[in-house]
Amino acid sequence: MRRLFTILIGLAVVLAAAGWFLSAPARLPASATEGLEGDADRGEAVFLAGGCAACHAAEDAEGEDRRVLAGGVRLESDFGTFVAPNISPDPEAGIGDWTLAQFADAMMRGVSPDGRHYYPAFPYTAYAKMQTQDVADLWAFLQTLPPSDVQSAAQEVEFPYTLRRGIGLWKRLYLEEEFVMSHAGTDELERGRYLVEALAHCAECHTPRDRFGGLDPARWMEGAPNPSGRGRIPAITPDELDWSASDIAWYLESGFTPDYDSAGGTMADVVTNLAQLPAADREAIAAYLLALD
């Protein structure tokens with residue numbers, strides 16, 4: 001019995017060490033952001049495509065107040081309620097004292113400057129596909145926005161989800177740099193794929209999740225339950241949407257469907273942002289959606 005107990009203790013130690021290693025935060029290589037100079041004008045387009053204000057501005061903010069990124073929006077899920085943090089350039093309450101490398105680690109790897117895993121309510125699984133130049137441009141733009149000294153609220157999750165180290169194991173399953181649409185045969189499709197799968201992270205709402213909260217690529221864009229519990233996010237695959245490319249592009253610009261219904265809820269924010277991008281970007285998104293298998 002003593003020998004068996006010793007063996008079991010040894011196995012437990014080995015498994016714990018393996019779990020600790022496999023769950024460790026993984027940062028980008030130092031070379032990823034070396035020499036990059038961000039352009040704030042280009043960064044504004046990244047900001048709009050990513051819909052950053054939808055989560056990080058106050059829920060009742062309007063107009064220019066939408067660019068005060070004090071956080072506070074509550075994101076409900078089966079795992080708890082996540083509260084968007086302050087990402088304004090305030091050096092204490094926000095992210096003003098971060099470096100570009102730390103910002104890129106957060107965006108593309110979901111790792112904080114102090115080495116903690118961020119919860120994947122922050123859609124870094126999509127941002128992992130971003131070009132590092134776009135990350136630098138977004139960083140430059142964020143520095144031009146008003147600072148806010150509002151402190152970020154705590155995340156409202158319970159055990160075992162309070163153990164952030166476990167997110168490292170989750171990332172090994174779901175953090176992928178490869179695009180779901182593996183082949184985009186034209187420049188327009190490549191741009192649409194980049195906008196949909198990376199910047200605009202459309203799948204976060206429109207794709208079902210498995211029991212662990214990861215997106216199910218086998219049901220890509222097939223619609224999903226609304227995390228708030230109110231209704232369902234619609235499918236936007238070609239067989240379900242039944243819209244033309246011009247219908248889709250017009251909806252993303254105006255918010256009006258072909259039958260004159262209008263976008264509501266969080267989609268209204270998406271339309272407000274995408275309407276400010278070049279028409280070619282909305283057309284590229286339409287081309288991507290119609291090309292889905």
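With no solvent and one equal point scatterer placed on each C-alpha of segment 165-274, evaluate the Debye formula and give log10 I(q)/I(0) for q = 0.10, 0.22, 0.23 Å⁻¹, two decimals. Here the Debye-derived log intensity ratios amount to -0.33, -1.47, -1.55. Placing 243, 250 in order of accessible area, with the largest value first and a 1.4 Å probe, yields 250, 243.
Per-residue SASA remark: residue 244, around 50 Å² accessible (1.4 Å probe; ligands, DNA and RNA not included). The value of relative contact order for the chain, using C-alpha pairs under 8 Å at least six residues apart, is 19 percent. Segment 200-239 and segment 101-123 have Cα centres separated by 23 Å. Counting only Cβ charges, +1 for Lys and Arg and -1 for Asp and Glu, the dipole size of the chain around its Cα centre is about 1840 debye. Working note: Debye formula, equal point scatterers on the alpha-carbon atoms of the chain, no solvent; log10 I(q)/I(0) at q = 0.12 Å⁻¹ is -0.81. Ranking of 251, 260 by solvent-accessible surface, largest first: 260, 251 (1.4 Å probe, protein heavy atoms only, all chains present).
For segment 216-287, relative contact order (Cα pairs under 8 Å, six or more residues apart, normalised by length) works out to 24 percent. Legend: helices of the chain (whole DSSP H runs) are marked when their alpha-carbon atoms reach 27 angstrom or more along the helix axis and their mean Kyte-Doolittle hydropathy is at least -1.0; marked are 2-22. With protein chains left intact and a 1.4 Å probe, residues in the chain average 55 Å² of accessible area per residue.
Take residue 201: with every protein chain present and a 1.4 Å probe, its accessible area is about 40 Å².
The Rg/Rh ratio for segment 25-137, using Cα coordinates for both the radius of gyration and the Kirkwood hydrodynamic radius, is 0.95. Taking every alpha-carbon pair under 8 Å whose residues sit at least 6 apart, segment 105-173 reaches a relative contact order of 32 percent. Between the listed residues 206, 267, 83, the Cα displaced farthest toward the positive end of the dipole of the chain, a dipole computed from Cβ unit charges relative to the Cα centre, is found at 83. Each Cα pair of segment 205-267 feeds into the Kirkwood radius, which the Stokes-Einstein equation turns, at 10 °C and 1.306 mPa s, into a diffusion coefficient of 124 µm²/s. Sorted on the mean count of surrounding Cβ atoms within 10 Å across their residues, most packed first, peptides 72-79, 159-166 read 72-79, 159-166.
The values are calculated or read from the model by the stated rules, or taken from the named source; none is laboratory data. Bear in mind the structure is a predicted one, so any value in this text is a computation, not a measurement. So basically every Cβ, Gly included, is an ideal-geometry build from the backbone, and we count neighbours across all protein chains shown. Heads up: the accessible areas ignore ligands, DNA and RNA and are worked out on the full protein's heavy atoms, side chains in. Shrake-Rupley method; radii C 1.70, N 1.55, O 1.52, S 1.80 Å.
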